[in-house]
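The values are calculated or read from the model by the stated rules, or taken from the named source; none is laboratory data. Source: prediction; values computed, not measured. Cβ: placed from backbone, ideal geometry, glycine included. Neighbour counts: every protein chain shown. Only protein heavy atoms, including side chains, enter the accessible area calculation; ligands, DNA and RNA are left aside. Shrake-Rupley method; radii C 1.70, N 1.55, O 1.52, S 1.80 Å.
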Protein chains: 2
Amino acid sequence: MARTQGSHSDITGPRIRDAALRLFAQHGYAAVSMRQIAKEVGVQAGALYNYTPDKQSLLHRLMEGHMRELLAAWQVQESSGEAGEDAMAQLERFVRFHISFHMQRPDAVFIAYMELRNLSEENFILIEALRSSYEDALEAVLKRGVDTGRFRIPDTKIATLAVIAMLNGVMTWYRSGGRLSLEEVESVYWDMVRKSVGV
Amino acid sequence: MARTQGSHSDITGPRIRDAALRLFAQHGYAAVSMRQIAKEVGVQAGALYNYTPDKQSLLHRLMEGHMRELLAAWQVQESSGEAGEDAMAQLERFVRFHISFHMQRPDAVFIAYMELRNLSEENFILIEALRSSYEDALEAVLKRGVDTGRFRIPDTKIATLAVIAMLNGVMTWYRSGGRLSLEEVESVYWDMVRKSVGV
DNA sequence: CTTTTTTCTGAACAAATGTTCAGTTAACCT
DNA sequence: AGGTTAACTGAACATTTGTTCAGAAAAAAG
């Protein structure tokens, strides 16, 4: 059965996705026009509407895709640890995973943190829920560490946000090919995180 | 002597400043129109151009003003310490100052961190220089602590950025009237920072 | 090949954008 | 009061915005 005109795929075309990702990250959602995206893809603006119902969905799908990838990747990483791994090892796993994962997708990360206010209210709620469950994953580790006496943390909720904020900071300055390798950066941050939650 | 038509003051009118601050913080620079700002002030759009040469200057002046206030306030705070204050006390002073200062201007902080990419290139360079000298202030404290053996930090540059990123995280969740007072929040963060740079 | 289906063009739409400016209103000064 | 200066209006400007859609082009299917 033919797609009626004006309808669109449920999955955004990869070329369009990539162009939107790059442009949104560079100039911001509001500052990028559909015509700019189209030009990057090598197509007229109208053609985009075969792949997305509107500009807003383009943004939302980028964010949702990113957050779901993040959650899925962490679940893989988490379950790859040996059973009975203690909280300290789990926290190191999280720190290294977080930095590594985010550094591989700087544009998506940037968008996910900067463009929340350009989401419609319903889309905002959806994305926030995904973000929350990622934060919960870290908080669970911290709580376990507190319970087992490995960590001393006055407030696990604040500590969760503080750690994530600290780790996200790496995005603002790290450029591959710099003074430090990604693994060295991971180690420096892990050193600070470990001490900050320590007894 | 009369101002010729179309010229503008060197200082942006406070009403306009405040309206732009609030709107830029809420919706983002690119998403706010001059007409929206005018409406908030209770005036027609054209009247704004008696106070600013263009929209870009409005943004730049907000950011520059904020950064200069920040630097000035820190200099006051820094020099208010007793002479010979050790690095640990200086760091605590910085942490509490940073949180307290930023929490009093959430909108300006938000703009200063989110709208860098909407600055023209020359304005961007100016603002970045101001930000750098603020970071240098913290790094100086960390270096002193390393030299005197109070801190153990593998890389003071990274630690500087990590601490600031961590502290800035408070902006994303703290709302006055919440579970914790501002001073309690300061203490929680200070606890984490202190440990993270500790020996 | 022809027919069917999918994809894209190119023009058009109404609305919104930053900015200018002649002319009106308000404020101030003597 | 009148006269001078400052502030604001309201309309206009050229561009750009997101989005639609009839029809052309291309691709797939027969």
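Assorted remarks:
- The residue list B:VAL188, B:VAL141, B:VAL197, B:VAL109 contains one member that is facing another protein chain (nearest Cβ under 9 Å), closer than 27 Å to A:PRO154 by Cβ and either among the hydroxyl-bearing types (Ser, Thr, Tyr) or open to solvent by less than 10 Å² (accessible area, probe 1.4 Å) (or both), which is B:VAL197.
- Given (1) over 21 Å from B:LEU182 (Cβ atoms); (2) among the charged types (D, E, K, R); (3) touching an Asp or Glu at 6+ places or on another chain (Cβ under 6 Å), number of the condition B:GLU139 does not satisfy: (3)
- Residue among B:ILE16, B:ILE11, B:ILE99 that alone is more than 25 Å from A:TYR113 (Cα to Cα) and at pLDDT 95 or above: B:ILE16
- In this structure, B:ALA38 does not qualify as farther than 20 Å from A:ASN118 by Cα and open to solvent by 20 Å² or more (accessible area, probe 1.4 Å).
- Of the residues making up region A:41-71, those that are loosely packed, with under 15 Cβ neighbours inside 10 Å and acidic (Asp, Glu) number 2.
- Helices (runs of 4 or more DSSP H) within region A:1-112 that include 1 or more residues free of Cβ contacts under 8 Å to residues at least 60 places away in the same chain and touching a Phe, Trp or Tyr at 6+ places or on another chain (Cβ under 6 Å): A:14-27, A:55-79
- Evaluation of A:SER132 against (1) farther than 24 Å from B:LEU116 by Cβ; (2) in a helix (DSSP H, G or I); (3) more than 13 Å from chain B (Cβ to nearest Cβ); (4) more than 16 Å from DNA strand D (Cβ to nearest atom) (one fails), failing number: (3)
- Qualifying residue in region A:72-82 (condition: open to solvent by less than 50 Å² (accessible area, probe 1.4 Å), in contact with a Gly (Cβ under 6 Å, 6 or more places away or on another chain) and either within 14 Å of chain B (Cβ to nearest Cβ) or farther than 21 Å from A:ARG117 by Cβ (or both)): no
- Considering (1) at the interface with chain B (Cβ under 9 Å from one of its Cβ atoms); (2) more than 22 Å from the chain's Cα centre (by Cα); (3) open to solvent by 50 Å² or more (accessible area, probe 1.4 Å); (4) free of Cβ contacts under 8 Å to residues at least 12 places away in the same chain, the lone condition that A:GLY177 does not fulfil carries the number (1).
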